[in-house]
Amino acid sequence: MNGVDLFVPGDSWLHRADPRLKLGLALLGTVLLFAYSNVWVQAALLALLVGSLAGCGIPRSRLLEIARLMLPIATMIPLLWPVFYQAGPHWFTVVGIRVTGWAVAQGFATAFRIVGLAYLSAAVLLTTDMRALLRALVRLGVPFEAALAVTIGLSYVPRIRRTYEQVTEAQMARGFDLGAGGFLSRARARVPILVASLVSTFRGADILARTLECRGFGLTDQPRSALYDIQWRRADTVLATVALLLVTAALLGRLVLGFGVHPLHLL
Amino acid sequence: MDRIVLVENLNYSYPPLVPGDPVVDALQGISLTVRRGETLAVMGPSGAGKSTLCLALCAVVPHSTGGVFGGRVTICGQDTRTTTPAHLSACVGVVFQDPESQLFSATVEDEVAFGLESQGMLRDDMRQRVDWALGLVGMSDHRLRSPVVLSGGQKQRIAIAAAIATRPDLLILDEPTASLDPAGALEVVQALEGLRHETDCAQVVVTQDAELAAALADRVLLLDGGRVTHDLPAHEALRSPGLLTEHALFPPPLAVLNAYLQARSLPVDWRTVDEAVAGVRRLLGAEGTCRRS
Amino acid sequence: MPPLIAIENLHHSFADGWDALNGVTLRIDAGEYTALIGPNGSGKTTLAKHLNGLLKPTSGQVLVNGTDTREASVSALARLVGYCFQNPDHQIFCASVREELAFGPTALDLSPGEVTERVEAELAAFGLAGLRERPPAVLPPGLRRRVALASVLTTRPRLLILDEPGVGLDAREQADVFARIAAYNEAGNAVLLISHDMGAVSRYSRRCLLMAAGQLVADGPPNRILCDAGALADAGMQPPTMSRLSLATSDLGLPPLMLSPEEYGRALLRLREERS
């Protein structure tokens, strides 16, 4: 396992963009994803998003990982949607449920939207390292303590995962059969692993807290300086302007012309 | 200021972990002094209070741990009852035992600079200081690496660099080599030896390793059951295998050999392998046939 | 008699391409006390994890008591092989010491009477009887390690693997732990000790395996291996102090083995007498 955190180093336009811009783009992207209900628009947005990330040098394995994570929910939604929504021209009937084209389309549109949201949040973390993210949050007005908590928390995710794996091994070595029995007994089998992982993590967190204190964390006598800082460039202004224009156009199209409102038909 | 650490009749007990437990005195009647440039090794059995003493020297005890605190601890002229660990951080650097848990920054240089950022130092000054600290521990080539990918010995060296970056008057190290393999431990010892040459900060090193204490310490403080049992010059303490064994410490092998031969009327006092080799050759009448160890 | 462990040309490569084991062939018999030494990255832990099936061979074969580890589950092998990990906090999770010790034998489907008997035996052997109802997580590190070890011993494995059992313990606690391990070994069970502590290796083990770069480079009595400057240097390790002394004086008639200071002193005095 090579990923020390979610960050993939690279030199693409997205990597070089100011993290504040990336956070803003993620926000705009979220607005776009919620603005449309059309399945083709959602599919296109998702393809555009994944394509951009691939184009920025994010390896396919990483992108597939995210897709795999979202797979269960992304398949459940289109399957269940026709149960709750039955408007529109009848397609076929299965187990007494009236399945319509509109329902299937809406189901898939929602699934694409959720997967798109996952990739959007991942996009920031995949192309921004923690030191840049920390500075971005502080420059945006987040108090240093909170920003540090966020970035340390994020970088702890792989650590906690590693601890969990080590604890799983240790417990399996005691004769613990994790695979046996039904869903409930397997879930219950995870409890000792969770307990041991949490306790280990808390012990480490205690030492971390002391280390932070002993390095002056929380001092308010003088303003905190920073060895590393981010720079807003002209390219970021250009990108921000272009993004805002595109989103405004898209929203106008949706609000005025009704583009992308209907689940199956574009207008 | 010459007297960096002044501990006067320190008593401390932690709040009980499980309510209803009896209160255990972690430290009782501790008094000690550490001067500028001195290295004090704190040694003793598990539970003797060594780590608690370290925490008392950086004001984590009592500020972050609560409990009952008696007596006085003065670090760099400041009373720890009224100074928080963060305020003391300008003149105290701390390195804990576990290399995994005490590094949290994205890059090595951020880790080393954290304490300087807390002091509000200007960026150019910080860059110079980070260079200096990394150079002292031999990690200058790793400035932009993530601390997570480093080996145990490298991680501890970064922790040391981060602790000394603020040029503290006191450096506290709580069992810095306990979690490391011999190669990593050697890296840390070499870094600390280099530090002694380059700075005049006082050092307090908690360790169970008598050979480490022999390499670094001027004095040895032996603790047992929360009390100071001995405060001796290092060479005296580390050449008494009986004393060390009493305190659940492994004596250096040469000290045990010396004691064995001294008990059989051979007044030897070999401090290094080379001295021992020369001495053995002399004893067996084979001087002049030298062989490097 | 068939060996307890039979490893044949074992190779192991991890998913990221790291070749951790490059052709290890090894045989461990019942009741042996073997130490496994080598620098970080030499493959010690990887090799050990093959013995209870946590890792399966990329190529080659590992037989535990005649069973191929590829065909057995970790929980099945856990009946024969006990693994005490380096960090006791990764094993501890129960609300009381007694439950922790009972966990293993209960998972092995032993009768409650048998479980209680084993738990009481280990509580007594480790001096933990007074702490039986305490939560292990709040005990000091030395005691937590004893609890972790005791909880592996209640499963009475025929091979006990220990990964750095002495780290974090003072000399007295280490002596207690190693004494318990020695007693377990004397009862006829095999022990595999992974350790950086050359002193413990020379004091307790009877066979020493030196690993470097995924291969076994030396196999013999510990006092000889720990004095083999060439092999240790190839593995990137420093000989311990007493070995360096023995090596530098071996031309004078002192044995070229790692001796304890007392043994060395005795040999020295004997030689001195002979010469005078």
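Values quoted throughout were computed directly from the atomic coordinates according to the rules given, and no laboratory measurement underlies them. In this text the structure is predicted, and so the values were computed from the model without any measurement. All Cβ positions, glycine included, derive from the backbone under ideal geometry; neighbour counts span all protein chains shown.
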Semi-axes of the equivalent ellipsoid for segment B:1-99, Cα gyration tensor, largest first, Å: 22, 15, 14
The relative contact order of chain B, taking Cα pairs under 8 Å that sit 6 or more residues apart, comes to a percentage of 21
Cleavage-rule hits (trypsin sites (Lys or Arg not before Pro)) in segment C:72-133: DSSP loop, at most 10 neighbouring Cβ within 10 angstrom: none
Residue ranges of DSSP H helices in chain A that stretch 15 Å or more (Cα, own long axis) and have mean Kyte-Doolittle hydropathy of at least -0.5 are A:19-35, A:39-55, A:60-84, A:101-127, A:144-172, A:183-214, A:234-252
Among bridges DSSP assigns within chain C, what percent are antiparallel (round to 5)? 55
Inverse mean reciprocal Cα-Cα distance (Kirkwood Rh) of segment A:142-267, Å: 20.5
Among the lysines, which have Cα under 21 Å from the Cα of C:Lys56 when same-chain residues fewer than 8 positions away are ignored? C:Lys44
Starting from the 7 Å offset along Cα-to-Cβ, what nm value, one decimal, do you get for the label separation of C:Trp18 and B:Glu193? 3.0
Under a no-solvent Debye model with one identical scatterer per Cα of chain B, what's log10 I(q)/I(0) at q = 0.07, 0.15, 0.16 Å⁻¹? -0.30, -1.17, -1.27
Would you calculate, for chain B, the mean residue ellipticity at 222 nm contributed by helices, counting each DSSP H stretch of 4 or more residues as -39,500 (n - 2.57) and dividing by all residues, to the nearest 500? -10500 deg cm²/dmol
May I ask you to list the GluC sites (Glu not before Pro) in segment B:190-293 that are in a DSSP loop and have at most 13 other Cβ atoms within 10 Å of their Cβ? B:Glu287
Return one number: the angle in degrees, 0 to 90 and rounded to the nearest 10, between the long axis of the Cα atoms of helix B:253-262 and the longest principal axis of the Cα atoms of chain B. 40
At 7 Å along the Cα-to-beta-carbon direction for both A:Ser121 and B:Ser151, put a label point, then send me their distance in nm to one decimal. 3.9
Roughly how many Å is it from the Cα centre of segment C:236-250 to that of segment A:92-112, as a whole number? 77
Using alpha-carbon positions, what is the distance between the centroids of segment B:22-84 and segment B:174-220, in Å? 20
Note to self: C-alpha centroids of segment A:225-267 and segment C:23-38 sit apart, in Å, by 64
Partner aspartates and glutamates for C:Lys49 [C-alpha distance under 13 Å; skip if fewer than 8 residues away on the same chain]: A:Glu169, C:Asp163
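Looking at segment C:94-201, which GluC sites (Glu not before Pro) are in a loop (DSSP not H, G, I, E or B) and have at most 16 other Cβ atoms within 10 Å?
Values: sites: C:Glu99, C:Glu100, C:Glu114, C:Glu117, C:Glu120, C:Glu122, C:Glu133, C:Glu173, C:Glu186; in loops: C:Glu133.
For GluC sites (Glu not before Pro) across segment C:94-201 that sit outside H, G, I, E and B with at most 16 neighbouring Cβ atoms in 10 Å, the list reads C:Glu133.
Looking at segment B:3-251, what % of its DSSP beta bridges pair antiparallel, to the nearest 5?
For segment B:3-251, the DSSP antiparallel bridge percentage is about 55.
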Average Cα contact separation per residue, chain C, under 8 Å, 6 or more apart, as relative contact order %: 22
For labels at C:Glu71 and A:Leu257 in the simple 7 Å Cα→Cβ model, what's the distance in nm? 6.9
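Calculate, in nm to one decimal, what C:Thr58 and C:Arg266 gain on full extension: separation in residues at 0.36 nm each, minus their alpha carbon distance.
Result: 69.9 nm gained on full extension.
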Roughly speaking, what % of Cα-Cα pairs in the protein assembly as shown are separated by over 54 Å, rounded to a whole number? 21
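Based on other C-beta atoms within 10 Å, arrange C:Ser246, C:Ser276, C:Ser195 from fewest to most.
Listed from fewest to most nearby Cβ atoms, that is C:Ser276, C:Ser195, C:Ser246.
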